[in-house]
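A.B. asks: Before we start, here is the structure in question, set down as structure tokens.
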Amino acid sequence: MNWSKLGLIISLCTTSFLGTFYQGQKAEAVTTHPVINEVAWMGTTADANDEWIELYNPSQVPVDLSGWVLKSADGTPSILLTGKIEPNGYYLLERSDDTTVPGIKANMIYTGALSNTGETLELIDPQNTIQDSIGSWYAGDAATKATMERKDAAASGNDTSNWVTSTVAYDAGYGTPLSAAVSQGSQTEHLNSVQNGTGAMNVYFNKSALPEYSSPNNQANYNINLENRLINRINSATATIDMATYEINLPKVVDALINRAASGVRVRIIADAKGPSDPEHDERYELMRADLEKLLRGKDGVLHTSDDASIFSDSVMFAVEDPAKRQQYGLPADGYTDFTQKIVTVGSSSQTGYLLVDGESKSSNAYYAPDNQMHNKFLVIDGTWTFTGSWNFTTSGLYGTDANRESGILDGNSNHSIEFNSPELAAVYKTEFEEMWGGTTFSSDPVNANFGPRKSDNTPHHVTVGGKMVDVYFSPGDNAVPQMIDFIKTSANENTYFSIFAWSDQELVDALKVKWEGSDQDLQGALTGFDLKGVFEDSYWNMWWSASVDMTGRTASQTSTNNPNTRWKNPAPVYMDKEVRKLHHKYMIVDADTSSDPTVITGSTNWSTNGNDVNDENSLFVHDAAIANQFKQEFLARYQMAGGSVQ
């Protein structure tokens, strides 16, 4: 018999709570003992010997695992646990080494194996009392490498109906290592507060939140299918849709736009052209070009008819020519010949293809290289609604995989969207759109279009939405990141919380260092009492340029003029994320739940030179206590999952 490496995640709770939230749903009573939460008894797609198990703590207090034992009835494995498990947190054990679950670090490595024919597992507390047990493999699938997931921590581990076979794809099969299971209700949508009248502001988070930290009658919208909210807004359009999108590959969104165009709505789209990179990137770009062609053809599938969308880009795009790929994408096999074949200069190189989407003109038959990103993700609907945020309109951004998308499983990157019903704000975004578009007409103007550093600061920066101030800055040109720095220096009085994908701007780091320890000098300062918390995307946690290095007092592997490695003498409580996929947020919350102008800074902008000076981006400063509190509820869930204490 081959034995699997066993990574164990077990859910632990030592204190009884009534009315606490279990996996996003309120429980009538929560178990007073630890539970075994998920078992990969069948191994993984990489190796049948790669078994793992999961522990979860549904309580609101951390649990010290010292003295706890997890063991099989036959004595193999027998694991003396160490460390602690955070409130609503998970604990992962992997057998033999830390390669069982790709990209996720184990809490503990152990030895010993499980039988594929079934085992009795027991979780025993320091007083030698069995607090949880399972007597067999009640679920899971060896063929697909799908784990056995517990449905309810409060129900018996020996109740067959309390276990299901995972349907969530991860990199080594099906399962949710260090993450809540769909079967446990973790993805129950909580659409708690949606306003539609003039002045409305709605925020939607696609991951969990901690609603127990909401201000009165202000629970956040969490576990939200952002695609449905976007389609809801698209379907409401009666006259115009202006969309600026870094990427798009969601079939339902494409269909919704096609249907709106067919109904007579004027649909204009700005998309980001891509340069050569890697196979995964190229495949995604090819799919987007296929979707853009569908939008150009409209519902009747014919170019240059009344139901077509109009599309433009920062650089030229060519049609997909491979007949097999075109048929796979639902396009006519030789339909690319409907477009004009051209030889053009892109950057400094000559390219030939069938012109799908025109771009900003550099000179006659010459375009700028697509090295800079048109990184916006916003729509303006009927000159009234503005929809934006951190979420790219993609499968990976919301679902993670095509299989998850087809099943409606939200296993993508951590993201949010925010929408405003404000003609004044919509007019600001429309001005930005038309600066890139090159004019006000349905057809774009490549000669008059401007992207990147060729844009000007030509929009108002302060509007009132529902009686609340909203500041808006576009990049490049409006100095969005310097505006953040000034705001931190002058307006952050009590606390700042952030969740960020990429942060390299040194001056912004230094401004917070002064708030935290009263000095912007290397390894100098004393704690001021300012409350600072943060979560960083783990891909960049150890990059020499990342703000995470300075904030945690580490010495960078190198420095530069713009990133001098100004180490904090008193390391801040900031953490590397432990999300299943990417932490894609770009938000900062200032003075939440205080009387000192609670504000959220959000949008598409990463806090970097590229985000401020190179890419086309949008940033919003929303001065509203309710919105700041909603972001705080989501932030605390990300922070807690990353290992931070929310107490």
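A.B. asks: How much accessible area does H461 have with a 1.4 Å probe, in Å² rounded to the nearest 10?
C.D. replies: 40 Å²
A.B. asks: Give the calculated FRET efficiency between T188 and S363 to the nearest 0.05, with a Förster radius of 56 Å applied to their Cβ-Cβ distance.
C.D. replies: 0.50
A.B. asks: Still on this model: Compute the separation of the alpha-carbon centres of segment 331-399 and segment 448-462 and state it in Å as a whole number.
C.D. replies: For segment 331-399 versus segment 448-462, the Cα centre distance is 19 Å.
A.B. asks: Per residue of the chain, what 222 nm ellipticity follows from adding -39500 (n - 2.57) for every DSSP H run with n ≥ 4, rounded to the nearest 500?
C.D. replies: Helices in the chain give a 222 nm mean residue ellipticity of -5500 deg cm²/dmol.
A.B. asks: Could you work out how far apart the two model spin labels at Q524 and K252 are, taking each label as a point 7 Å from the Cα in the direction of the beta carbon, and quote it in nm?
C.D. replies: 5.6 nm
A.B. asks: What shape does segment 523-576 take by its C-alpha gyration tensor, where a ≥ b ≥ c are the square roots of the eigenvalues and a/c under 1.5 counts as rounded, a/b above b/c as prolate, and the rest as oblate?
C.D. replies: It comes out oblate by the Cα gyration axes.
A.B. asks: Taking the Cα atoms of segment 325-398, report the difference between the largest and smallest coordinate on each principal axis, in whole Å and largest first.
C.D. replies: The principal-axis extents, from largest down, are 39, 34, 27 Å.
A.B. asks: Tell me, how many Å apart are the Cα centres for segment 624-647 and for segment 110-179?
C.D. replies: What the calculation gives is 30 Å, centre to centre.
A.B. asks: Under 1.5 on a/c is rounded, so check that first for segment 79-126, then, if it is not, pick prolate when a/b is larger than b/c and oblate when it is not; a ≥ b ≥ c are the square roots of the alpha carbon gyration tensor eigenvalues.
C.D. replies: oblate
A.B. asks: Right, here's the next one. Set the Förster radius R0 to 51 Å, insert the Cβ-Cβ distance between D486 and S133 as r into 1/(1 + (r/R0)^6), and round the FRET efficiency to 0.05.
C.D. replies: Once the sixth-power term is evaluated, E becomes 0.30.
A.B. asks: Given segment 115-252, what percent of its DSSP beta bridges are antiparallel, to the nearest 5?
C.D. replies: If I count the DSSP bridges inside segment 115-252, around 85 percent turn out antiparallel.
A.B. asks: Rolling a 1.4 angstrom probe over the protein heavy atoms, how many square angstrom per residue are accessible across the chain?
C.D. replies: Per residue, the chain has 36 Å² of solvent-accessible surface.
A.B. asks: Let me ask something else about it. What spacing in nm lies between the two simple spin-label points modelled at T431 and A200, each 7 Å away from Cα in the Cβ direction?
C.D. replies: Taking the simple label geometry, T431 and A200 are separated by 2.6 nm.
A.B. asks: How far is it, in nm, from the label point at S560 to the one at D457 when both lie 7 Å from their Cα along the line to the Cβ?
C.D. replies: Reported label-point gap for S560 and D457 is 2.4 nm.
A.B. asks: Now for a separate question. Provide the FRET efficiency to the nearest 0.05 for the T609-T440 pair, computing r from the beta carbons and using R0 = 30 Å.
C.D. replies: 0.40
A.B. asks: Can you tell me which aspartates and glutamates have their Cα less than 16 Å from the Cα of K578? Leave out same-chain residues fewer than eight positions away.
C.D. replies: Answer for K578, where 16 Å is the Cα cut-off: E54, E86, D98, D171, D411, E537, D538, E634, listed by chain and number.
A.B. asks: Please compute the contact order of the chain in relative form: average sequence separation of alpha-carbon pairs under 8 Å and at least six residues apart, divided by the residue count, as a percent.
C.D. replies: The value is 11 percent.
A.B. asks: Just the number, please: carbon plus sulfur as a percent of the accessible area of segment 132-275, 1.4 Å probe, no ligands or DNA/RNA counted.
C.D. replies: 44 percent
A.B. asks: Got a number for the accessible area of D593? Probe 1.4 Å, square angstrom, nearest 10.
C.D. replies: 80 Å²
A.B. asks: A follow-up question, please. Given a 1.4 angstrom probe, I'd like the percentage of the accessible area of segment 553-647 that is carbon and sulfur, rounded to a whole number.
C.D. replies: Reported share for carbon and sulfur atoms: 45 percent.
A.B. asks: How big is the convex hull of the Cα atoms of segment 307-446, per residue, in Å³?
C.D. replies: Looking at segment 307-446, the number lands at 156 Å³ per residue.
A.B. asks: Could you check what % of the DSSP bridge pairs in the chain are antiparallel, to the nearest 5?
C.D. replies: 70 percent
A.B. asks: Here is a follow-up. Which far-off residues, 5 or more places away or on another chain, put their amide H under 5 Å from the one on G301, with H placed in the peptide plane?
C.D. replies: Under 5 Å from the amide H of G301: no residue qualifies.
A.B. asks: Under the Karplus relation 6.51 cos²θ - 1.76 cosθ + 1.60, θ = phi - 60°, what is the ordered set of whole-Hz ³J(HN,Hα) values for segment 462-467, x standing for Gly and Pro?
C.D. replies: Those phi angles translate into 9, 10, 10, 10, x, x Hz.
A.B. asks: Within the set K377/K513; K84/K207; K582/K632, which residue pairs have Cα atoms separated by over 26 Å?
C.D. replies: Listed pairs above 26 Å: K377/K513.
A.B. asks: For segment 37-156, rounded, prolate or oblate, judged on the Cα gyration tensor with a ≥ b ≥ c (square roots of eigenvalues), a/c < 1.5 rounded, else prolate if a/b > b/c?
C.D. replies: In terms of gyration-tensor shape, rounded.
A.B. asks: The list [x] 0.97; [y] 0.99; [z] 1.15 gives values of Rg/Rh (Cα atoms, Kirkwood Rh), and only one came from this structure; which label was calculated from it?
C.D. replies: [y]
A.B. asks: When the Cα centres of segment 558-596 and segment 234-263 are compared, how far apart do they sit, in Å?
C.D. replies: Answer, in whole Å: 35.
A.B. asks: A follow-up question, please. Please report the antiparallel percentage of the DSSP beta bridges confined to segment 178-273, to the nearest 5.
C.D. replies: 10 percent
The values are calculated or read from the model by the stated rules, or taken from the named source; none is laboratory data. Keep in mind that this is a model prediction, so the values were computed, not measured. Cβ sites come from the backbone with ideal geometry, for glycine too, and all protein chains shown count toward neighbours. Heads up: the accessible areas ignore ligands, DNA and RNA and are worked out on the full protein's heavy atoms, side chains in. Shrake-Rupley method; radii C 1.70, N 1.55, O 1.52, S 1.80 Å.
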